[in-house]
Amino acid sequence: MRETVERTIKQKPFNVMLDSCIADEIVLLNEQGVRTVNSCCGHGENNPVAIIENNHNSLNNAVGLGYKHKILDILFSEIKLKSECHCLERVKK
Ligand SMILES: [Zn+2]
Ligand SMILES: [Zn+2]
């Protein structure tokens with residue numbers, strides 16, 4: 001089961017569909033200058049991660065906030081999110 005919520009993120013601003021487990025964190029990240037381009041809570045199968053831009057100080061801001069990151073290419077990096085995924089708990093109910 002995939003539950004999403006529509007939230008407004010600051011960077012453009014525009015509305016995006018986010019996995020509800022991580023929506024608050026993604027909104028907060030963008031408010032703090034980390035530009036997310038994609039994100040997924042992992043739905044109980046993978047770790048919650050976000051793909052962010054390296055440019056515009058976005059990666060520096062993420063590092064400054066204490067996020068572990070993996071550089072993917074010249075434009076994008078993946079960061080490990082701090083939110084926990086609750087998808088499996090929801091399925092059990
Ligand atoms: Zn997802
Ligand atoms: Zn989840």
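Every read-out reported here was derived from the displayed coordinates using simple, explicitly stated rules and does not represent laboratory data. All values derive from a computational prediction rather than experimental measurement. Cβ atoms come from the backbone with ideal geometry, glycine included; neighbour counts cover every protein chain shown.
Could you check, for the stretch 25-32, whether at least one of its residues is part of a loop (DSSP other than H, G, I, E, B) and exposed (fewer than 15 other Cβ atoms within 10 Å of the Cβ)? Checked against the condition, which is being part of a loop (DSSP other than H, G, I, E, B) and exposed (fewer than 15 other Cβ atoms within 10 Å of the Cβ), the stretch 25-32 yields at least one hit. Could you tell me which residue of the stretch 37-69 is surrounded by the fewest Cβ atoms within 10 Å (Cβ to Cβ), considering only residues that are away from ligand 1 (no atom under 16 Å from the Cβ) and among the hydroxyl-bearing types (S, T, Y)? Ranking the candidates gives Y67 first. You will find that of S20, S77, S39, the residue that is near ligand 2 (Cβ under 10 Å from one of its atoms), within 13 Å of the chain's Cα centre (by Cα) and hydroxyl-bearing (S, T, Y) is S20 and no other.
Looking only at the stretch 48-93, which residues are in a helix (DSSP H, G or I) and under 14 Å from Q32 (Cα atoms)? Spell out how you get there, then give the answer.
Start the filter on the stretch 48-93 by keeping residues that are in a helix (DSSP H, G or I), which leaves 58-64, 87-92.
Result: S58, L59, N60, N61, A62, V63, G64.
Is there a residue in the stretch 10-17 that is without any contact (Cβ under 8 Å) to a residue 60 or more places away in the chain, surrounded by 13 or more Cβ atoms within 10 Å (Cβ to Cβ) and within 16 Å of ligand 1 (Cβ to nearest atom)? The answer is yes; a qualifying residue exists. Scanning the stretch 35-47 for residues that are in a strand (DSSP E or B) and under 11 Å from C87 (Cβ atoms) yields a single hit, C40. Within the stretch 23-67, the set of residues being at positive phi and of a type in the set (S, T, N, Q) comprises N57 only.
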